[in-house]
Amino acid sequence: MGEYPVPPQPPINVGDPVDLHNVQGDVLFGGFPKKVQNFYFFIIDGSQVQKFRANLSRILPFVCSSNDIKQKREQIQINKQMGKTGLVPMSLVNIAFSGHGLKKICDSLHINSGFGDPLFDKGMLVDAPNLGDRVGEWNRGFAENNIDGVINIAGDDAGRIASELGIIKHMLEADKPNGPMHEAFTLAGHSRPGAEDGHEHFGFLDGVSQPAVPGVDTPTRLQTVYDGVGRLLMKHNHDDQANLQTGQIETVQRPDWSRDGTIMCFRKLDQLVPEFHAFLRAFPIDVADPGAPPTLGSDLLGARMVGRWPSGAPLELTPFHDNTSLAGNNEFDFHDDASKCPFSAHIRKTNPRHDTTVDNRNSTHAITRRGIQFGDEVTPHEASSNRSDPSHVRGLLFVCYQSNLSNAFSFMQQRWANNPGFKPLAPGVSGEVGFDPMIGQSLTGPTSASVNLGNPTRPLILARWVISRGGEYFFVPSMSTLRMFGSG
Ligand code: N7H
């Protein structure tokens with residue numbers, strides 16, 4: 001560092017306190033510490049909503065707050081310092097409702113379910129073409145568009161979370177024929193084994209860069225900081241929304257019960273891992289160094305698509321080879337040209353940092369990411385045939401939180417990742433820089449990205465290696481609103 005002048009950190013608004021006991025646990029402090037996670041999607045019987053609400057009040061003692069997660073993380077730290085080995089046993093529960101589910105609950109309470117987010121109201125299926133999803137490729141469970149809610153349960157051990165989920169299902173009478181709710185389907189995720197723990201299926205370290213929440217997190221040097229808690233939690237400072245057509249920021253009206261709530265965007269994203277690696281081998285970047293290791297050109301292409309090396313070291317700090325001493329490093333900004341990191345690299349498209357503004361590192365559109373891997377490791381047969389076997393589906397159960405979809409997830413996917421014209425304000429960059437090579441989608445043909453060396457706008461035609469199988473938007477109510485939903 002020190003090569004570039006460091007712009008000042010934006011002023012941090014801490015005059016907007018967050019009640020940690022009122023926010024559900026997966027939202028703050030890095031979310032659930034976890035090795036395994038289940039998403040139990042359910043449907044509420046429209047004629048028994050009152051019964052469902054009564055049962056909801058019984059399971060609220062299982063639902064953990066952000067304060068509980070803060071304490072769990074402190075406990076993990078203490079155990080580490082004391083040299084204790086083994087995982088701290090835990091089973092952590094949150095609950096959230098889709099637009100359909102929220103309407104059923106609010107109708108039964110005789111209150112209006114709207115909180116001013118039209119994308120949430122419509123649901124992800126209606127939004128799918130705008131995201132570039134091919135609905136014909138969605139899993140049936142999401143395409144049926146009838147999910148009312150999700151129980152998000154995570155912890156250290158699959159048996160532990162399964163038995164806790166069993167107790168909760170029993171209390172909700174989900175296991176009873178003609179009960180007030182029933183399971184739609186469950187998706188199970190787990191971190192990858194051994195040295196791949198913490199890495200997503202293509203092999204890159206995941207979960208590195210997150211926006212800091214003012215008054216809750218202590219930001220590290222150059223970390224993106226939300227310019228207001230309201231980017232994440234409703235009815236706090238900067239809880240406003242972007243107009244997706246004009247990009248203008250508009251105010252938004254919220255009911256009081258939405259305060260401290262947030263929106264969870266859930267997506268099941270399959271990853272075609274053997275195909276991705278075959279593509280890297282087929283189009284190595286010419287590193288023009290006869291002494292370089294034989295795989296460097298392919299490794300460099302992968303790193304330039306992501307913006308980081310598999311260790312998590314950022315290209316902006318180490319542009320031509322991985323450097324494990326910079327693994328997971330987040331102390332960098334982008335600087336006007338693409339000589340180190342391509343403009344279209346995944347982490348530059350989804351967080352242009354200092355590229356698009358002089359002083360605020362883009363926190364307006366930032367998302368708080370959670371999520372976990374699912375599926376098997378690549379088999380030897382898949383690796384040798386360069387083809388994913390449909391009986392070994394794998395990928396990412398993507399989760400992110402934000403107060404407003406058109407500011408955050410939808411903005412990022414549509415206006416940045418899927419938009420080959422989106423590029424930084426850098427002077428002298430003419431032409432398109434291409435799609436985000438990892439998540440950029442187009443319904444009209446193949447995507448391309450400018451990830452070659454030397455020319456920031458020379459496109460490379462890409463194949464598809466991340467396939468959306470659908471998802472849904474869910475409202476994550478505060479703990480006090482959950483109590484209100486369960487009362488009466
Ligand atoms: Fe992405 N990948 O392996 O390529 N992501 N992502 N992502 N992503 C990031 O910082 C990946 C997806 C963001 O602040 C890293 O955690 C894959 C969606 C944002 O520097 C890696 C999939 C969206 C960041 C990956 C996927 C985003 C980020 C670097 C799908 C939103 C932080 C490590 C299968 C629409 C950017 C890290 C910053 C980072 C990968 C999905 C957004 C390695 C494989 C759908 C905001």
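The values are calculated or read from the model by the stated rules, or taken from the named source; none is laboratory data. Everything numeric in this text was worked out from a predicted model, so none of it was measured. Positions of Cβ are backbone-derived with ideal geometry, glycine not excepted, and every protein chain shown enters the neighbour counts.
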From the list Gly307, Gly328, pick out the single residue that is surrounded by 23 or more Cβ atoms within 10 Å (Cβ to Cβ) and either of a type in the set (Phe, Trp, Tyr) or in contact with a strand residue (DSSP E or B) (Cβ under 9 Å, 6 or more places away or on another chain) (or both). Gly307
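Considering only region 461-488, state which residues are surrounded by fewer than 19 Cβ atoms within 10 Å (Cβ to Cβ) and outside any loop (DSSP other than H, G, I, E, B). Lay out the reasoning, then the answer.
Of all residues in region 461-488, those surrounded by fewer than 19 Cβ atoms within 10 Å (Cβ to Cβ) come to 461, 463-464, 467, 480, 483-484, 486-488.
Residues satisfying the conditions are Ile461, Ile467, Ser480, Arg483, Met484, Gly486.
Can you tell me which residues in region 163-191 are within 16 Å of the ligand (Cβ to nearest atom) and surrounded by 20 or more Cβ atoms within 10 Å (Cβ to Cβ)?
Within region 163-191, Gly189 is the sole residue that qualifies.
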Residue count for region 215-269, restricted to those that are out of contact with any helix residue (DSSP H, G or I) (no Cβ under 9 Å at 6 or more places or on another chain), hydroxyl-bearing (Ser, Thr, Tyr) and modelled with pLDDT of 90 or more: 3
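Yes or no, residue by residue, for (1) under 24 Å from Ala188 (Cβ atoms); (2) surrounded by 14 or more Cβ atoms within 10 Å (Cβ to Cβ); (3) modelled with pLDDT under 95:
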site	(1), (2), (3)
Val36	yes, yes, no
Phe41	yes, yes, no
Lys51	no, yes, no
Phe62	yes, yes, no
Glu74	no, no, no
Thr85	no, no, yes
Ser91	yes, yes, no
What pairs can you find where one residue is in region 405-423 and under 20 Å from Gly230 (Cβ atoms) and touching a residue at least 12 places away in the same chain (Cβ under 8 Å), the other is among the polar types (S, T, N, Q) and within 8 Å of the ligand (Cβ to nearest atom), and their Cβ atoms are less than 6 Å apart, with a gap of 6+ or different chains? Met412/Thr350
Would you point out which residue out of Arg221, Arg259, Arg231 is assigned by TED's automatic domain parsing to the domain that holds Asp121, buried (at least 18 other Cβ atoms within 10 Å of the Cβ), among the charged types (D, E, K, R) and within 16 Å of the ligand (Cβ to nearest atom)? Arg231
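Taking Gly207, is it of a type in the set (Gly, Ala, Ser) and within 12 Å of the ligand (Cβ to nearest atom)?
Values: of a type in the set (Gly, Ala, Ser): yes; within 12 Å of the ligand (Cβ to nearest atom): yes.
When the stated conditions are applied, Gly207 passes them.
Restrict the check to region 325-336 and report whether at least one residue is within 16 Å of the ligand (Cβ to nearest atom) and not in a loop (DSSP other than H, G, I, E, B).
Kept after step one, since they are within 16 Å of the ligand (Cβ to nearest atom), are these residues of region 325-336: 326-335.
Imposing the further condition that a residue be not in a loop (DSSP other than H, G, I, E, B) reduces the set to 326.
Yes, region 325-336 contains at least one residue that is within 16 Å of the ligand (Cβ to nearest atom) and not in a loop (DSSP other than H, G, I, E, B).
State all residues of region 243-280 that are part of a strand (DSSP E or B), among the hydrophobic types (A, V, I, L, M, F, W, C) and over 18 Å from Gly114 (Cα atoms); if no residue qualifies, say none. Steps first, answer last, please.
Taking region 243-280 first, the residues part of a strand (DSSP E or B) are 249-250, 262-271.
From the residues that got through so far, the ones that are among the hydrophobic types (A, V, I, L, M, F, W, C) too are 249, 263-266, 269.
Of everything in region 243-280, those that are part of a strand (DSSP E or B), among the hydrophobic types (A, V, I, L, M, F, W, C) and over 18 Å from Gly114 (Cα atoms) turn out to be Ile249, Phe266, Leu269.
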When region 77-116 is examined, which residues are found to be within 19 Å of Glu164 (Cβ to Cβ) and assigned to a helix (DSSP H, G or I)? none
So, first residue assigned to a helix (DSSP H, G or I) in region 32-49, second residue at pLDDT 95 or above and surrounded by 20 or more Cβ atoms within 10 Å (Cβ to Cβ), Cβ within less than 9 Å, six or more apart or across chains; the pairs are Val49/Lys104; Val49/Ile105; Val49/Pro180
Taking region 357-371 as the search range and keeping residues that are among the polar types (S, T, N, Q) and closer than 17 Å to Leu244 by Cα, which one is modelled with the lowest pLDDT? Asn362
Where the second residue is away from the ligand (no atom under 12 Å from the Cβ) and not in a loop (DSSP other than H, G, I, E, B) and the first is closer than 26 Å to Arg348 by Cβ and lies in region 188-217, which pairs have Cβ atoms under 7 Å and are six or more apart or on separate chains? Val213/Val229; Pro214/Val229
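Looking at Glu196, is it acidic (Asp, Glu) and away from the ligand (no atom under 16 Å from the Cβ)?
Details: acidic (Asp, Glu): yes; away from the ligand (no atom under 16 Å from the Cβ): no.
No, not satisfied.
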Selected residue (criterion: surrounded by the most Cβ atoms within 10 Å (Cβ to Cβ)) from residues of region 418-447 that are under 23 Å from the mean Cα position of the chain (by Cα) and at pLDDT below 90: Lys423
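Residue by residue, here is whether (1) assigned by TED's automatic domain parsing to the domain that holds Met438; (2) under 23 Å from the mean Cα position of the chain (by Cα); (3) closer than 19 Å to Trp416 by Cβ holds:
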| position | (1), (2), (3) |
| --- | --- |
| Ala313 | yes, yes, no |
| Thr318 | yes, no, no |
| Ala338 | yes, no, yes |
| Ser344 | yes, yes, yes |
| Arg353 | yes, yes, yes |
| Gly375 | no, yes, no |
